[in-house]
Amino acid sequence: DARHLMLGVAGWMRYISGVDEQGHPIEVIDPLSAQYQAIYQQYPSIEERVRALLAIDTIFGRDLCENTDFIERVTA
């Protein structure tokens with residue numbers, strides 16, 4: 001079911017934001033963490049951030065960042 005994939009991606013995006021639910025910083029252990037932080041700083045809206053993260057083709061390939069249904073569900 002694609003909903004489980006979307007939930008997993010949304011959870012991953014929350015983790016790589018570097019901030020927990022209480023607003024405290026968390027250590028992101030990932031070789032691309034600097035790239036993620038740049039995206040979070042550059043894009044103010046959730047949808048822009050999701051699109052930018054999904055555009056990292058070494059992780060998601062090239063098509064997912066254009067899938068509006070996937071983006072809408074991840075940002076919901």
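FYI, it's all coordinate maths here, none of it is from the lab. All values reported here derive from a predicted model rather than from experimental measurement. So basically every Cβ, Gly included, is an ideal-geometry build from the backbone, and we count neighbours across all protein chains shown.
Taking Lys and Arg as +1 and Asp and Glu as -1, the other residues whose beta-carbon sits under 12 Å from that of Ala10 total +3.
Please compute the net charge surrounding Arg51, taking Lys and Arg as +1 and Asp and Glu as -1 over other residues with Cβ under 14 Å from its Cβ. Surrounding charge for Arg51 is -4.
Counting only the backbone N, which residues of segment 41-69 are under 14 Å from the spot 7 Å out from the Cα of Ser33 toward its beta-carbon? No residues fall inside that zone. Compared with the dominant principal axis of the Cα atoms in the chain, helix 2-16 is inclined by about 20°.
Principal axis extents of the C-alpha atoms in the chain (largest first, rounded to whole Å): 31, 22, 22.
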